[in-house]
Amino acid sequence: MKNIWKEREKALENQYIYKQEQDKIERMQKEERERLVREMCRNRCPKCGDEIKAMTFRGVPLDRCPGCGGVWLGPNDLRILASKDHRSWFEKWFKEENETSEKVA
Ligand SMILES: [Zn+2]
């Protein structure tokens, strides 16, 4: 006679291992999808998909899309541009943004 408890234990063990493997496969597929998306979108315009080109505007390096004219700035580039161009909408905008963030903080 078979030991049904041993069989049940083995079945549960197999079920556990199967679930672990499924989770691992899902994680790997998700990571691979993410890697592919990043790889394919690198240096591409998020609006039209054209390849963006590096350029310099008033000494600040920018990325510009030849397709739609979109411009991308690094985290500090807009601030640098604003400091170079006083009395512009940049300065006004940043001043308002700082005042707003100070009130929130
Ligand atoms: Zn574009």
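Some points to look at:
- Condition met for R35 (surrounded by 10 or more Cβ atoms within 10 Å (Cβ to Cβ), within 16 Å of the ligand (Cβ to nearest atom), closer than 30 Å to L78 by Cβ and without any contact (Cβ under 8 Å) to a residue 12 or more places away in the chain): no
- Looking across P46, P66, one residue alone is near the ligand (Cβ under 10 Å from one of its atoms), touching a strand residue (DSSP E or B) at 6+ places or on another chain (Cβ under 8 Å), free of Cβ contacts under 8 Å to residues at least 40 places away in the same chain and in a loop (DSSP other than H, G, I, E, B). It is P66.
Laboratory data are not the source of any read-out in this text; all were calculated from the coordinates shown. Keep in mind that what you see is a predicted model, and the values were worked out from it rather than measured. All Cβ positions, even for glycine, are placed from backbone atoms using ideal geometry, and neighbour counts span all protein chains on display.
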